[in-house]
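Have a look at the structure below before the remarks.
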Amino acid sequence: MILTVTPNAAVDTTYTVPGFALDRVNRPTEQSVVAGGKGINVARVYRELGGNATATGFIAGHNGQFILSGLRAERIPHDFVETGGESRICIAILDPETQTQTELNEWGPAVTRQDADRLKEKVASHLEGCRLLVLSGSMPPGCPESLYAELIEEARERSVPAILDSSGEALRLGLRTRPFMVKPNCHELGGILGNPIRSVEAAAEAARWVIGKGVEIVAVSMGKEGVLVSDTENIWYARPPEVPFVSAVGSGDAMAAGFAFGLLQGWPMERTIRLATCCGAANVAVPGAGACKRPQIEALLEKVEIHYFC
Ligand SMILES: Nc1ncnc2c1ncn2[C@@H]1O[C@H](COP(=O)(O)OP(=O)(O)OP(=O)(O)O)[C@@H](O)[C@H]1O
Ligand SMILES: [Mg+2]
């Protein structure tokens with residue numbers, strides 16, 4: 001079993017609006033409302049791949065109850081900490097005519113140090129029997145940015161490796177605790193380095209810096225340009241096949257699920273990178289974060305180009 005942590009779970013609403021226009025009444029041709037938030041997306045894809053995942057994090061208010069009912073309906077095992085306020089609503093507007101996605105993401109409910117401690121206890125109670133901890137996304141307001149760092153330490157004490165996928169201070173502090181793996185996108189990693197990552201070479205340099213911090217594997221994702229992956233010895237660059245674009249929301253989460261799955265299967269790194277890249281790409285072709293299905297993922301496997309970088 002893997003445990004995914006989503007501190008800022010969401011009601012994810014996706015509207016498809018061909019010809020979306022500002023300052024007009026827009027009518028969606030399609031809409032979906034699902035339980036969302038990065039760790040929940042990871043759990044969804046990980047289970048689609050055939051693994052067991054339990055989701056935890058914070059939920060609040062009526063929206064939190066909606067998230068729980070969504071998880072029950074999808075049969076995703078979960079054990080969340082309830083806090084005050086309301087879980088956030090995140091709205092994505094997809095326009096197939098312009099291939100744009102416009103997002104409106106609330107900040108999420110205010111969380112206290114005490115809430116963070118309750119989540120730490122919750123995570124600790126699941127670490128027995130857990131093979132991997134996946135920490136995904138931003139912190140809700142008030143939540144200590146050190147939460148991921150604290151959870152990584154907690155997991156290490158029980159010999160559970162962690163994958164960290166975050167940004168800003170939470171990523172910076174998390175890196176200091178040497179998680180097993182990190183999967184930022186190029187903007188997130190460039191952000192904490194203070195240097196934008198605009199090329200595969202720049203991603204490789206950034207990846208070397210991360211490995212120098214004591215992390216074992218880093219994947220720097222670059223949207224449709226693919227992913228640069230480094231372990232302590234090798235660097236690879238993988239390019240996804242072209243897929244019909246519907247929505248890229250959650251592609252990084254789908255990719256993290258692919259890495260978690262391949263690594264826990266003990267696959268060679270190239271096979272794991274191939275799967276992770278396809279999970280990200282398959283997610284692009286469907287509306288909804290992490291809604292990609294196994295046959296679509298598998299159909300892409302042979303189409304990924306993997307280059308041994310150095
Ligand atoms: N347009 C695309 N076409 C094909 N593959 C894509 C596309 N966008 C993303 N991917 C695949 O998904 C992976 C992750 O995407 P991306 O870098 O956008 O993650 P992210 O920014 O962390 O996403 P999120 O945080 O919304 O989950 C990429 O490395 C690539 O393999
Ligand atoms: Mg991401």
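The values are calculated or read from the model by the stated rules, or taken from the named source; none is laboratory data. Since this is a predicted model, take the numbers as computed values, not measurements. For neighbour counting, all protein chains shown are included, and Cβ atoms are generated from backbone atoms with ideal geometry for every residue, glycine included. To get the accessible areas, we keep the full protein, side chains included, count just its heavy atoms, and leave off ligands, DNA and RNA. Shrake-Rupley method; radii C 1.70, N 1.55, O 1.52, S 1.80 Å.
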So for each of 100-111, 221-232, 196-207 I average, over its residues, the number of other beta carbons within 10 Å; can you give me the resulting order with the highest mean first? 221-232, 196-207, 100-111
Would you kindly calculate the mean projected area, averaged across all directions, of the convex hull enclosing the Cα atoms of the chain, in square nanometres? 15.1
Quick check: at a probe of 1.4 Å, how many percent of the accessible area of the chain sits on carbon and sulfur atoms? 50
Sort 33-43, 270-280, 155-165, 88-98 for me by packing, meaning the mean count of neighbouring Cβ atoms within 10 Å per residue, highest on top. 33-43, 270-280, 155-165, 88-98
What residues qualify as long-range amide H neighbours of residue 105, i.e. H under 5 Å apart, gap of 5 or more or another chain, H built at 1.01 Å from N? 91
1/(1 + (r/R0)^6) with r = Cβ-Cβ of residue 224 and residue 157, R0 = 35 Å, i.e. FRET efficiency to nearest 0.05, evaluates to 0.35
The stretch 2-38-the stretch 213-252 distance, computed between alpha-carbon centres (Å): 24
Just to confirm, what accessible area per residue do you get for the stretch 2-308 at 1.4 Å probe, in whole Å²? 44
Burial-style ranking of 287-293, 26-32, 303-309, average other-beta-carbon count within 10 Å with highest first, yields 287-293, 303-309, 26-32
Which percent, nearest 5, of DSSP beta bridges in the chain are antiparallel? 45
Working from the pairwise distances between different alpha carbons, so that the mean of 1/r is found and then inverted, what is the stretch 119-180's Kirkwood radius in Å? 11.5
So for the stretch 197-268, using the alpha carbon gyration tensor with a ≥ b ≥ c as root eigenvalues (a/c under 1.5 gives rounded; past that, a/b versus b/c decides prolate or oblate), I'd call it oblate
Stretchable slack from residue 65 to residue 270, in nm (0.36 nm times residue separation minus alpha-carbon distance): 69.8 nm
If you take the square roots of the eigenvalues of the alpha-carbon gyration tensor of the stretch 140-287 and sort them as a ≥ b ≥ c, do you get rounded (a/c under 1.5), prolate (a/b over b/c) or oblate? rounded
Under 5 Å, built H, 5+ apart or other chain: amide partners of residue 134: 3, 4, 5, 163
Mind checking the full-extension length gain between residue 178 and residue 310? Use 0.36 nm per residue of separation minus the Cα-Cα distance, one decimal, nm. 45.2 nm
